[in-house]
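Have a look at the structure below before the remarks.
The values are calculated or read from the model by the stated rules, or taken from the named source; none is laboratory data. In this text, all values refer to a predicted model and were calculated from it rather than measured experimentally. Reconstructed Cβ throughout: ideal geometry from the backbone, glycine too, with neighbour counts over all protein chains shown.
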Amino acid sequence: MTRLLTIALLAFVSLAAVFTQAGGDKDFQVKGTFTKDDPRDQTRGGPSQVHTVKLKAGKAYTIDMVSAELNSYLRLLDPKGNQLEENDNSGGGLNARIFFNCFIDGDYKIACTTFAGNMTGSYALTVKNTGAAKPPPTAHALMIDKDAPALQADFAVNGKPVTLADLKGKVVLVNFWEMRSSSSVKLLAKLAEWNKAHKADGLVIVGVTFYHSEIGQKPGFDKETGDVVTVAKADKTSDQALLREFAAHHKIEHLLLALPKAEALRAFDAYVVNGFPQVVLIDRKGVVRLIDVAGEKNSAQIESEIKKVLAEK
């Protein structure tokens, strides 16, 4: 082992020990200097120094790499060596910053490097405990205050197969539903109630479903029991007849749309529909304001938000 490699290893062990002793509850800092003899970073190609830090589950951390001499770059690896995050300039200027919610205790590795491969100079690495970790936002949460994805039906009951763009200026409650879903059926009474109470104020309720025959199912309608049953043969035409019969039996007065398979797959993916019913409240500007998957159980909260959005001008 060369003298240079021995010195480098001793320096790494010393830095790692400082972090390990600091623990996951304390703020700590290390200052380093990159030279042309440092190991190369595996992704950026620049000089690299890896520091080990003990982080605690349930804590949030801000990791900053600051330098006045080079373009900082950070990579965060889990205890198994898998990369979790990387960052270039989120710390302002040429400084790097990573916000990390820790949910597993362990010795994490912070790889400090440079954006370009030929940089040298000094830097300061700081890890601050900023309080309790927050779970990452859900896909639904990320849609709030964003433009509602488009929908394109080819069949409608109680109206025409309009698009969401056609409804701009209205408050729209989109209800993704399915006729064989008991939870979807339970919500129908509330939808009727909201439609009657708020239609004059600008609320439009749009039920969105798909063609069962296009996914290999053969649904039919039992007019005596009001149940959706399995029949010998089904196609889009019979699905459309079923939707009309179902709406008549349940006295549904709001708009119902049926999406063909390709559009249903796209739209259900865009709205992250994983179960029925799922309601999406869209304001007059076409912006998503609420997504709820609890259905009838959460009806009070849904109606409260409907009233709030309707009151906005």
Looking at Lys186 and the list (1) loosely packed, with under 14 Cβ neighbours inside 10 Å; (2) out of contact with any Lys or Arg (no Cβ under 6 Å at 6 or more places or on another chain), which single condition is not satisfied?
(1)
Those residues of region 67-114 which are under 22 Å from Lys36 (Cβ atoms) and surrounded by fewer than 18 Cβ atoms within 10 Å (Cβ to Cβ), in sequence order:
Ala68, Glu69, Asp88
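Tell me which residues, restricted to region 108-142, are part of a loop (DSSP other than H, G, I, E, B) and either at positive phi or polar (S, T, N, Q) (or both).
Start the filter on region 108-142 by keeping residues that are part of a loop (DSSP other than H, G, I, E, B), which leaves 115-120, 133-138.
Scanning region 108-142 gives Asn118, Thr120, Thr138.
Does Val50 meet the test of being touching a helix residue (DSSP H, G or I) at 6+ places or on another chain (Cβ under 9 Å) and either of a type in the set (Phe, Trp, Tyr) or surrounded by fewer than 22 Cβ atoms within 10 Å (Cβ to Cβ) (or both)? Quick ask: steps written out before the conclusion?
Numbers: touching a helix residue (DSSP H, G or I) at 6+ places or on another chain (Cβ under 9 Å): yes; either of a type in the set (Phe, Trp, Tyr) or surrounded by fewer than 22 Cβ atoms within 10 Å (Cβ to Cβ) (or both): yes.
Here the answer is yes, as Val50 does meet what is asked.
Find the residue count for region 57-82, including only residues that are among the aliphatic types (A, V, I, L, M) and at positive phi. Break it down into steps so the answer makes sense when it comes.
Within region 57-82, the first condition is being among the aliphatic types (A, V, I, L, M), and the residues that meet it are 57, 60, 63, 65-66, 68, 70, 74, 76-77.
Filter once more, so that each one left must be at positive phi: none.
Number satisfying all stated conditions: 0.
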Confirm whether Gly286 is surrounded by fewer than 20 Cβ atoms within 10 Å (Cβ to Cβ), within 20 Å of the chain's Cα centre (by Cα) and either within 25 Å of Ile215 (Cα to Cα) or modelled with pLDDT under 95 (or both).
no
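Looking at Val293, Val280, Val272 in this structure, which one is farther than 23 Å from Leu203 by Cβ and either in contact with a helix residue (DSSP H, G or I) (Cβ under 9 Å, 6 or more places away or on another chain) or not assigned by TED's automatic domain parsing to the domain that holds Val206 (or both)?
Details: Val293 fails: farther than 23 Å from Leu203 by Cβ; Val280 fails: farther than 23 Å from Leu203 by Cβ.
Answer to the check: Val272.
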